[in-house]
Amino acid sequence: MVDPATGTPIWQDGLAGPVIGTPSLDGGGVLAVQTYSSTAPLTLINASTGAVLATIATGAEFGQPVFADNMLLIPTKGKGLWAYK
């Protein structure tokens, strides 16, 4: 995470692979980051601290996760649309 006023890093995380698409942020400060990795491609991060909250192994996916109505929607290549509350 970078301070938009100064460009100075606030926190940094090493993820399982390169980030694909744009991360999604919910109203509670959870950042959903899709990575290209077979081990843990979707990572949920506390946007304030950078702490990893959870990982969801969906497989190598290219769809962007989206928060909507208290749910996290994850499009998958061959497993349909996943929804988490």
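Annotations for the structure displayed:
- Residue match in the stretch 64-71 (condition: without any contact (Cβ under 8 Å) to a residue 24 or more places away in the chain, of a type in the set (S, T, N, Q), out of contact with any Asp or Glu (no Cβ under 7 Å at 6 or more places or on another chain) and over 27 Å from Val2 (Cβ atoms)): yes
- Every condition in (1) in contact with a Lys or Arg (Cβ under 8 Å, 6 or more places away or on another chain); (2) over 19 Å from Asp13 (Cβ atoms); (3) surrounded by 11 or more Cβ atoms within 10 Å (Cβ to Cβ) is met by Lys77 except one, and the failing one is (1).
- Any chance Pro23 is out of contact with any Ser or Thr (no Cβ under 6 Å at 6 or more places or on another chain), at pLDDT 85 or above and surrounded by 15 or more Cβ atoms within 10 Å (Cβ to Cβ): yes
- Residues that are closer than 17 Å to Trp82 by Cβ and either assigned to a strand (DSSP E or B) or of a type in the set (Phe, Trp, Tyr) (or both), drawn from the stretch 1-43: Ser24, Val30, Ala32, Val33, Gln34, Thr35, Leu42, Thr43
Listed here are the residues, each with its yes/no results for (1) modelled with pLDDT of 90 or more; (2) surrounded by 14 or more Cβ atoms within 10 Å (Cβ to Cβ).
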site: Ile10; (1), (2): no, no
site: Gly28; (1), (2): yes, no
site: Thr39; (1), (2): no, no
site: Gly50; (1), (2): yes, yes
site: Met71; (1), (2): yes, no
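The values are calculated or read from the model by the stated rules, or taken from the named source; none is laboratory data. Quantities reported herein were computed from a predicted structural model and do not represent experimental measurements. Neighbour counts are summed over all protein chains in view; Cβ atoms, including those assigned to glycine, are modelled from backbone coordinates with ideal geometry.
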